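S.K.: Okay, here's the structure, questions in a sec.
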Amino acid sequence: MADTARAGGTPPLDGDFAGYVMRRWPVVVRTAYLVCGDRSTAEDLAQGAFVRLHRHWKRVSASGAPDAYVHRIVVNLAVRHARKHRREVADAQPPDGVAEDGYARVDQRDELWRALRSLPPRMRAVLVLRFYEHLSERETADALECAIGTVKSQTSQGLARLRGLLGETYDAGRPHGTAPSAAHRPDAELP
């Protein structure tokens, strides 16, 4: 009979959990990166999130919401990391984009990246989960363990701050109060 526990009392890594990690690793690292702004820190945060998820895998997987759980963990870890360091560590440049980008698109992506980095971590997390990870208001609220009203207000305030930072030219052609369109979101170029 195989021993079901490893040293330290943690259960062995089962195939279901390992498969989940393999499928979701890039998404969780990207979310962490967009919230914290540093690739190395993002990988550390994602690893920490999956370690914590593993501790509760049976319960979380049975609930059918492991994505919300792991997003909540990685955002909470990123916010704690930012508070601990009392500054936001961010790459000097946004991640490399696609080679065929025109200069205007690269400039616009860079401007959006800098504006997003200037937002507080929780507000940035709401915008990342809503517009980069394409979560609904309910899914974002579940991931951040807050009310839908908080997600709505943080989204509204965050978009207003971005509009203020980015100016009228970035917002042209889009009705006030609507989310950035795919053409205005460079999520394909971000990790």
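Since every read-out is calculated from the coordinates, none of them should be taken as a lab result. Keep in mind that this is a model prediction, so the values were computed, not measured. In this analysis, Cβ positions are derived from the backbone assuming ideal geometry, glycine residues included, and neighbour counts consider all displayed protein chains.
S.K.: Using packing as a proxy for protection, rank 133-143, 32-42 so that the peptide with the highest average count of other Cβ atoms within 10 Å comes first.
M.R.: 32-42, 133-143
S.K.: I've got another one for you. How long are the three semi-axes of the equivalent ellipsoid of region 117-163, in whole Å, if each is the root of 5 times an eigenvalue of the C-alpha gyration tensor, listed from largest down?
M.R.: They are 16, 11, 9 Å, listed largest first.
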